[in-house]
Amino acid sequence: MLGAVNLSWRPRGLDVVGKRAGNRAAKVVIGTVMVALTTLVGRLVYINAHNGQTLLARGERQQKSVVPLKARRGLIVDSQGRIIAGTILRQSVFADPKVIPDKKAASEQVAAILGSDAREINNDLIAAGDRRFFVLRRGVTDEQAERIRQAGVYGLGVFDEPARTYPMNSASGAIIGFVSPDGVGVSGLEHQCDEWLAGANGVKTIIRDAGRKAFWLADGGFRPARDGLHVVLTIDTEIQIAAERAVEESVKKFEAESGIAVVMHAKSGAILAMVNSPGFDPNHYGDYGPERYRNRAITDPVEPGSTFKPFIMAGALADKTVSMSDNFDCERGLWRDGKRLLHDHHPYGVLSLEDVMVKSSNIGMAKIGKRMGARRLFDYVTSFGFGQRTGIDLLGEDPGIVRPFSVWNDFSVTSIPMGQEIGVTPLQMTRAFACFANGGILVQPHVIRAVLAADGRVLSDFSDPPAIGRVIPEDIANLMKRDLLTSVIRRGTGTAAALTSHQVFGKTGTAQIAKRGGGGYEKNAYVGSFIGAAPQNDPQLVVFVAIRKPNRSKGYYGGTVAAPVAREIFAHALAYLQVPGEKIEPLQSTALTIGPPTD
């Protein structure tokens with residue numbers, strides 16, 4: 001019987017051959033794997049050596065998001081703590097352009113919500129490049145912000161951002177200035193005090209997963225924002241708004257180009273109001289041209305005209321060149337001095353020193369100037385601070401125009417006393433006139449009162465700057481105040497500035513406007529002005545008003561266009577400050593029987 005057949009039987013030689021072939025195959029596989037591993041290791045070494053830092057940085061960028069924390073800009077407040085410039089939170093749309101899968105589609109979604117141009121938004125996203133945090137639109141409404149959130153566009157979001165606001169609108173606009181959309185001061189005190197106000201932005205670094213979802217804060221990845229400091233001004237918004245209203249009404253009534261007013265505390269030099277009309281609203285600064293941004297009270301010098309006469313007369317009295325008992329022949333309104341023919345608005349004969357001021361005689365003042373001589377005249381003009389900056393803590397101040405003494409000529413000694421051949425700013429006039437109100441001291445004008453920390457602590461106090469020094473003796477200052485300048489209000493060209501509650505003293509002026517670049521004066525172009533102080537028994541306020549280029553047919557003399565504005569400012573401010581009244585005698589009108597006020 002045959003046994004079972006062994007089907008697995010193979011010849012012995014074939015078994016040996018199979019084993020050898022298997023060993024060779026295994027060696028090939030192992031060798032291939034080893035070569036591949038060696039190549040990979042080499043590649044990793046190469047990448048790490050040559051591209052390691054770049055790739056590491058890319059990975060970190062993909063894992064991390066750096067979110068800026070905006071500092072809250074400090075407040076600008078008036079002397080009573082009223083907010084002139086503040087900060088609110090507004091909602092803004094941000095993007096991470098690098099992770100937005102379809103910029104065009106995202107732009108269309110956002111545009112539909114915001115009512116914007118999709119192409120413009122798409123261009124913004126493309127222009128953002130590799131930035132991981134890009135502000136796409138600022139100041140969206142609550143409804144728009146919620147719709148952006150609900151849209152769930154990958155790479156877009158909404159955040160709260162500080163934004164500047166100006167609750168007083170146009171009040172003090174030229175002083176305060178404005179900030180750019182990024183919160184950087186551009187003009188005025190916003191620019192000048194930017195280092196105080198801006199604070200320091202913070203940052204937080206967030207670790208994200210592969211889906212860009214935040215899941216923890218990076219180690220050391222949080223630096224809080226430091227809010228800005230607060231700036232306290234000497235400006236009193238109540239006085240500022242009232243002064244702006246009075247100037248605007250005169251500009252409108254007389255169809256003038258513009259108007260300016262300065263209100264200063266007589267003894268400290270603190271500026272309580274500084275008006276530029278027309279002005280601008282910093283909330284909407286883009287609606288105005290750069291001309292509106294300029295603070296013309298410190299930047300634009302003009303010939304002062306007759307408002308300059310008190311300073312020359314005070315110098316002559318202090319120098320004993322003239323006395324109160326002197327009389328001057330005013331030549332019936334026409335006087336030839338060498339090659340020059342001078343005239344008055346009315347044909348005055350012999351006038352006392354007081355009446356030269358009251359009637360604002362050009363001829364009388366020219367004769368006083370000739371008595372003084374050029375050297376002493378120049379010295380007094382410069383001692384009152386003309387031809388030099390006052391040093392007020394505002395940028396852009398002009399020094400005015402006082403020609404060097406070396407170029408003065410025979411005309412100078414008669415022109416300067418009439419307020420010609422010289423250029424002064426409203427602030428210079430205000431400071432110089434304060435000498436008559438405070439006993440002869442030239443004060444330091446200022447608008448910044450203090451700087452406060454974010455918690456209200458006083459860091460710097462600027463409320464009491466030292467005075468510049470004495471300009472004229474106290475008795476001469478009192479004489480000017482009590483007799484000469486009070487008479488101008490009581491019976492001269494300044495009666496329209498008179499109050500029934502407080503005695504005002506001051507001077508009117510009407511000056512032609514010089515052509516740009518020299519060469520005479522513009523035709524029918526005048527500045528009507530008034531400078532004064534009150535009350536006489538204890539002067540608190542100095543007020544300067546100038547109305548530029550009023551319609552000549554409506555009125556242009558300082559006593560007509562500016563003095564009534566000063567009266568309104570005095571009346572409101574003195575009542576608001578609760579300054580005690582004084583006994584006022586009835587006005588005298590004998591000086592006006594010749595005609596209307598002409599200065």
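Sequentially through the range 420-425, phi angles give Karplus couplings (6.51, -1.76, 1.60; θ = phi - 60°) of 10, 6, 8, x, 10, 8 Hz, Gly and Pro residues having no value and appearing as x. Amide H neighbours of Leu442 under 5 Å, counting only residues 5+ apart in sequence or on other chains, H built in-plane at 1.01 Å? Distant-sequence amide H within range of Leu442: Ile468, Gly469, Arg470, Val471. On the basis of the beta-carbon distance and an R0 of 35 Å, His343 and His191 show a calculated FRET efficiency of 0.15.
Backbone phi angles across the range 228-237, fed through the Karplus curve with coefficients 6.51, -1.76 and 1.60 (θ = phi - 60°), yield HN-Hα couplings of x, 7, 9, 10, 9, 9, 7, 4, 10, 4 Hz in residue order; Gly and Pro are listed as x.
Each residue of the range 478-599 gets 122 Å³ once the volume of the Cα convex hull is shared out per residue. Other residues whose C-beta falls under 13 angstrom from the C-beta of Ser323 contribute a net charge of -3, scoring Lys and Arg +1 and Asp and Glu -1.
How big is the shadow of the Cα convex hull of the chain, averaged over all directions, in nm²? Before the final figure, lay out each step's value.
Values: hull surface 184.1 nm².
Averaged projected area of the chain's Cα convex hull equals 46.0 nm².
What does the charge add up to near Ala534, with Lys and Arg as +1, Asp and Glu as -1, over the other residues with Cβ less than 10 Å from its Cβ? Overall, the nearby charge balance is -1. A full extension of the chain between Asn409 and Ser460 corresponds to an added length of 13.6 nm, given 0.36 nm per residue minus the alpha carbon distance.
Given a Förster distance of 22 Å, report the FRET efficiency between Glu255 and His284 from their Cβ-Cβ distance, rounded to the nearest 0.05. Plugging the Cβ-Cβ distance into 1/(1 + (r/R0)^6) gives 0.30.
Taking 7 Å steps out from each Cα toward its Cβ at Glu474 and Arg336 produces label points 5.0 nm apart. Put the Cα centre of the range 470-516 next to the Cα centre of the range 549-586 and the gap is 12 Å.
Counting only alpha carbon atoms, the long axis of helix 374-383 and the longest principal axis of the chain meet at about 50°.
Of the peptides 359-370, 172-183, 247-258, the ranking by mean beta-carbon count within 10 Å, highest at the top, reads 359-370, 172-183, 247-258.
Which entries in the list Lys515/Lys549; Lys309/Lys367; Lys320/Lys507; Lys309/Lys583; Lys339/Lys359 go over 19 Å, if you measure between the two C-alpha atoms of each? Over 19 Å Cα-Cα: Lys320/Lys507; Lys309/Lys583; Lys339/Lys359.
Label zone (Arg375, point 7 Å along Cα-to-C-beta; backbone nitrogen cut-off 20 Å) within the range 407-424: 407-417. Figure legend: label point modelled 7 angstrom from the Cα of Arg389 along Cα→Cβ; residues of the range 286-309 with amide N under 14 Å from it are 298-300. If you split all Cα-Cα distances of the range 397-481 into 5 Å bins from zero, what percentages do you get per bin, shortest first? Spelled out per bin, shortest first, that is 3, 11, 14, 15, 18, 15, 9, 6, 4, 3, 1, 1, 0.
You can think of it this way: the chain between Lys204 and Phe133 has 24.3 nm of extra reach, that is 0.36 nm per residue less the Cα-Cα gap.
To the nearest ten degrees, helix 563-576 and the longest principal axis of the Cα atoms of the chain are 70 degrees apart.
Show me the ranking of peptides 451-463, 192-204 by mean Cβ neighbours inside 10 Å, starting with the highest. Don't skip to the answer; put the middle values down first.
Numbers: 451-463: 13.0, 192-204: 17.5.
Per-residue mean Cβ counts within 10 Å order the peptides as 192-204, 451-463.
The amide H of Ser258, built 1.01 Å from its N in the peptide plane, has Arg548 as neighbours under 5 Å, considering only residues 5 or more places off or on other chains. Here the 3J(HN,Hα) profile of the range 278-293, calculated from phi with Karplus coefficients 6.51, -1.76 and 1.60 at θ = phi - 60°, is x, x, 7, 9, x, 5, 9, 4, x, 7, 10, x, x, 4, 6, 6 Hz, Gly and Pro shown as x.
Helix 12-63 axis versus longest C-alpha principal axis of the chain: approximately 10°, rounded to the nearest ten.
Report the full-extension gain for the segment Val350 to Glu522: residue separation times 0.36 nm, less the Cα-Cα distance, to one decimal in nm.
Values: separation 172, 0.36 × 172 = 61.92 nm, distance 3.27 nm.
Result for the pair: 58.7 nm of gain on full extension.
The residues neighbouring Thr299, those whose beta-carbon lies less than 10 Å from its own, together hold a net charge of -1 under the Lys/Arg +1, Asp/Glu -1 convention.
None of the figures in this text is laboratory data; all of them are computed from the coordinates on show. The structure presented is a predicted model; accordingly, all values stated were derived computationally and were not measured. For neighbour counting, all protein chains shown are included, and Cβ atoms are generated from backbone atoms with ideal geometry for every residue, glycine included.
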